[in-house]
Each structure stands twice: as structure tokens, then as C-alpha cells.
Amino acid sequence: MQMTEAGLMLHRSASQILRDVELVRQEVMAEGKHLTGDVIIGATPSVIAMAGAELIRACRERLPRVRPRLLEGYSAYLQNWVLTGSIDVALVNGLQPDSPRLVSECLAVERLFAIGPPGMFAGDPVGLASLLEHALLLPSAQNPIRSLLDAGAAGLNLSVSTVLEIDSVTLLKDLVRQGLAPAVLPFGAVKYELETGVLSASPIVTPEIRSDLDLIYLADRPPTRVASEVIDMLLEILRQIVSKKEPNGFVEIRHRASVRRKAKT
């Protein structure tokens, strides 16, 4: 048996209503002494690699009745999951221009890095013009990181040449490791590979390519108290990482209370 299009629409609408009812129930429970409830947070591979495990550990210790669920994905996919109600909030590398019904908060800024096989980059900054002499492995044009790189190249009257467009961080890193071509990613996306020596990286300069890390959510479904607590905990973890002065790629980590909210209508 296969559902009709009308049936699929009804199923999606019913699922959304049930999710909204559950969020209301959790808000009521959160008014008690202990925060209780579930929260589904989407995040980019860079954020998950840098802070995902520590966030889960911190939640278990400090918010034992809260059950966070983390979903990893590229920004365009995360944005779509927020729009469909599949996840509560997401941390993305900037919004796509066609983003109706969404509110965004710029919570952090991170630098983009040139990524290569062992020995290709020694950690010293690499000029964008020099990097663009190579054909690159990059995500597709809908990815904000790709848009930032294209804009940086245009500012130098240059263009970006690609070997392949790949919307999988795991596959992209594996192909870089094999020597197919260099790539461009945030530092966190290759943190483990840099620590183990299977990849090399250098920050991009002249110009420096920076990406906003935005919290996004539906305008009519702002973060619950539970979600807000978990988001604040995540930002605290990122600030701790930056304070250690170890390589991390972050330029700035902001406090939500001081961030201006932008709505797309």
C-alpha cells in the first residue's frame, strides 16, 4: 500500500501538530524545579566534531532529565529540516536567501581552511589566489561555504575550479586524504584528522574567508526553555575551546542575550 500525495500531506501536518503539542507539554514541565524534555538540534559537521561529545556529557551531568538529540548535516539540509519541523533548531553556516518563516541569530564566526593530504599545508596561512591555482573538491553551489569561496574569488577577479562537487564531508575528506585534490572546510570538520596526521590544513588569507555560524528556528516556534539551555551550554563549551588557545578556527563566540535576531518573511 502506498500513500497518496494528499495522505502524505496529512501525515506531515499531523506529525507537526503532535510535535507542537509535545513542545507545549515540555515547556509546562520545564517550569518546575528540574528541566525535563527532549530537544532535537541540527548542526554542521564542524560543530559536531568540536563540541558534540562534550555537549552530550555536559547535558548528562547538568541536565539529567533532558535528552538532547544531535543531527549532523550540511547547512542547506539543516535549514530544510527546520522548515519542515523535523528538528527544533539548527546551527548553520549562514542562511540561504530563500528562507521564509525563519529567524536567525549569529552566534559565532569561524574561519575557513585549505585542507590537503599530509604535508601539503604546514599550518601557515595560504593566500586565496594561491589556493585557487588548484582545482578543488567542494560542496555544491547551494552550500554557504561554497558561496563564500566564490565571493572571495570574485573579489580577486578569479574563479573557482572544481574537480568534483561533493555534499558529504566524510567522502570529501577521504578523497583529499587520497590526494585527489585539496578542499575548503571549517577547522572543526577536520579536527580529528589533523590530530592524527592524516590531513593537513592552513587558514585562508588575502582575503580571510569567514563564515557566520547562525542559530535558526521557525518564527512561530522559538526555542523552548530546554532548547535554550542546551544552546547556551554549547556556546559555553565553544568558548572554553577558544580560551585554551589551541587551534580551533573560531574568531568569535557570542552570547545569545547580546545577539540581534533577524527574521525572514
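Centroid-to-centroid, using Cα positions, the range 204-265 and the range 67-89 are 15 Å apart. Note: relative contact order over the chain, using C-alpha pairs below 8 Å and six or more positions apart, is 29 percent.
Rounded to the nearest 500, the 222 nm mean residue ellipticity of the chain from helices alone is -11000 deg cm²/dmol, with -39,500 (n - 2.57) taken per DSSP H run of at least 4 residues. Between rounded, prolate and oblate, where does the range 39-88 land on the alpha carbon gyration tensor, with a ≥ b ≥ c its root eigenvalues, rounded for a/c under 1.5, else prolate if a/b exceeds b/c? Since a/c reaches 1.5 but b/c is at least a/b, the shape of the range 39-88 is classed as oblate.
Between S130 and K244, the FRET efficiency from the beta-carbon distance, with R0 = 30 Å, is close to 0.50. As a proxy for reagent exposure, ranking E165, E193 by other Cβ atoms within 10 Å from fewest up yields E165, E193. Taking amide H as placed 1.01 Å from N in the peptide plane, the amide H of A114 sits under 5 Å from that of S202, I204, each at least 5 places away or on another chain. Among the trypsin sites (Lys or Arg not before Pro) within the range 61-138, not one is in coil by DSSP while having at most 11 neighbouring Cβ atoms inside 10 Å. Work out how much length L164 to R225 would gain on full extension: take 0.36 nm times their residue separation and subtract the Cα-Cα distance, in nm to one decimal. Value of the extension gain: 17.7 nm. Taking the number of Cβ atoms within 10 Å of each Cβ as an exposure proxy, the fewest-first ranking of F187, F113 is F187, F113. Annotated for the chain: lysine pairs at least 8 residues apart or interchain, Cα distance under 27 Å, count 5. Looking at the chain, the DSSP beta bridges with both ends there are about 60 percent antiparallel. A prolate overall shape is assigned to the range 144-265, the ratio a/c of its alpha-carbon gyration tensor axes (a ≥ b ≥ c) being 1.5 or greater and a/b exceeding b/c. With the cut-off at under 13 Å, measuring from each backbone N in the range 109-151 to a point 7 Å along the Cα-to-Cβ line of L171 picks out 138-140. Panel order for T206, T162, T196, by other beta carbons found within 10 Å of each beta carbon, from fewest to most: T196, T206, T162. With the Cα gyration tensor of the chain giving a ≥ b ≥ c as the square roots of its eigenvalues, does the rule (a/c under 1.5 for rounded; else a/b larger than b/c for prolate; else oblate) give rounded, prolate or oblate? Prolate.
All of the numbers you see were taken from the coordinates with simple rules; none came from a lab. Nothing here was measured: the structure is a model prediction, and the numbers come from that model. Positions of Cβ are generated from backbone atoms using ideal geometry, with glycine treated the same way; all protein chains shown enter the neighbour counts.
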